1. Would a scan of region 35-53 turn up a residue that is part of a strand (DSSP E or B), under 25 Å from G125 (Cα atoms) and either out of contact with any Lys or Arg (no Cβ under 7 Å at 6 or more places or on another chain) or at pLDDT 95 or above (or both)?
2. Pick out the one residue from E161, E200 that is more than 19 Å from the chain's Cα centre (by Cα) and of a type in the set (D, E, K, R).
3. Which residue out of D99, D142, D156 is farther than 29 Å from L3 by Cβ and modelled with pLDDT of 95 or more?
4. Only one residue in Y154, Y204 is of a type in the set (F, W, Y) and touching a residue at least 40 places away in the same chain (Cβ under 8 Å), so which one is that?
5. Taking into account only those residues within region 77-102 that are among the aliphatic types (A, V, I, L, M) and within 23 Å of I58 (Cα to Cα), which is surrounded by the fewest Cβ atoms within 10 Å (Cβ to Cβ)?
6. Could you please let me know if A148 is assigned to a helix (DSSP H, G or I), surrounded by fewer than 17 Cβ atoms within 10 Å (Cβ to Cβ) and aliphatic (A, V, I, L, M)?
7. What about A217, is it touching a strand residue (DSSP E or B) at 6+ places or on another chain (Cβ under 7 Å), small (G, A, S) and either in a helix (DSSP H, G or I) or surrounded by fewer than 18 Cβ atoms within 10 Å (Cβ to Cβ) (or both)?
Amino acid sequence: MGLDWCLKRKAIVGKEELLNKLLEEYKASEDTDRRKSIDDEIEQMCLNPFEVIGSPMIGRDAVALEWLRADYAANPKLYTRVTVDETTGTRKENKMTWDEVLAVNNNKYISELASDRDGLGDITGLAASPTSFRGKVIGYCDTIIGTALADKAYVDLTSEEMLVYAKELKEAAQNSLKRLRGEEKARAEILLKEGYACLEDSDYDLGLDRYADVSSACKWLTYWGTKGFSMWAWY
């Protein structure tokens, strides 16, 4: 079973009550058109995580368009469309034209150019947003944080609870350092402080990569919890 920590919608200051009302109406409505209309209204009154981390947007920011143009030229295999021969059923990949690429990517945020990268998950699920975190990795850290905290990864959290959870994870991992000795302990301390930035292949062999997982999770939880966002455990 997978697990991604995703951000719940957060209303612009002053719009909280209206957001809750619309969310309830959305859940109760069976009218597809009305649900689409409500969703559009909700989007307009919520903070966009990509805006929070300073991601430029294609169609608005020149730097985002420049990035897309360079990526289109450097990675043509990422910009293809599939056609199927009606007679033979043969599938063929064709390179998209620049106009097609622009149309598909209009209003897309370029997280690779975010000015505040602490809001990006160091590890994310394939179908999840770059502003999410692959909470599944914490489920594998039970040997250093304990079963209870590992299981807590599957629970939705408010912003305040995210900050508490980050503190609990960090303290549990620090306590587990007492079981280590010498170079392994020193290495684990570095990973718990620096996260994936200094992770090496040998760390996986020793099982020390879990300290980097905890470090990265704590960074994500603290960043978004401080910003007032809540977390939805998607699994």
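The values are calculated or read from the model by the stated rules, or taken from the named source; none is laboratory data. Fair warning: this is a prediction, and the values are worked out from it, not measured in the lab. Backbone-built Cβ (ideal geometry, glycine too); neighbour counts: all protein chains shown.
1. yes
2. Going through E161, E200 in turn, just one is more than 19 Å from the chain's Cα centre (by Cα) and of a type in the set (D, E, K, R): E200.
3. Values: D142 fails: farther than 29 Å from L3 by Cβ; D156 fails: farther than 29 Å from L3 by Cβ.
Just one listed residue meets the conditions, D99.
4. Just a single option satisfies the conditions, and that option is Y154.
5. Looking at residues that are among the aliphatic types (A, V, I, L, M) and within 23 Å of I58 (Cα to Cα), I get L78.
6. Yes: the conditions hold for A148.
7. yes
For (1) within 25 Å of D118 (Cα to Cα); (2) aromatic (F, W, Y); (3) in contact with a Phe, Trp or Tyr (Cβ under 6 Å, 6 or more places away or on another chain); (4) outside any loop (DSSP other than H, G, I, E, B), each residue gets a yes or a no:
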| position | (1), (2), (3), (4) |
| --- | --- |
| V63 | yes, no, no, yes |
| E66 | yes, no, no, yes |
| R81 | no, no, no, yes |
| T88 | no, no, no, no |
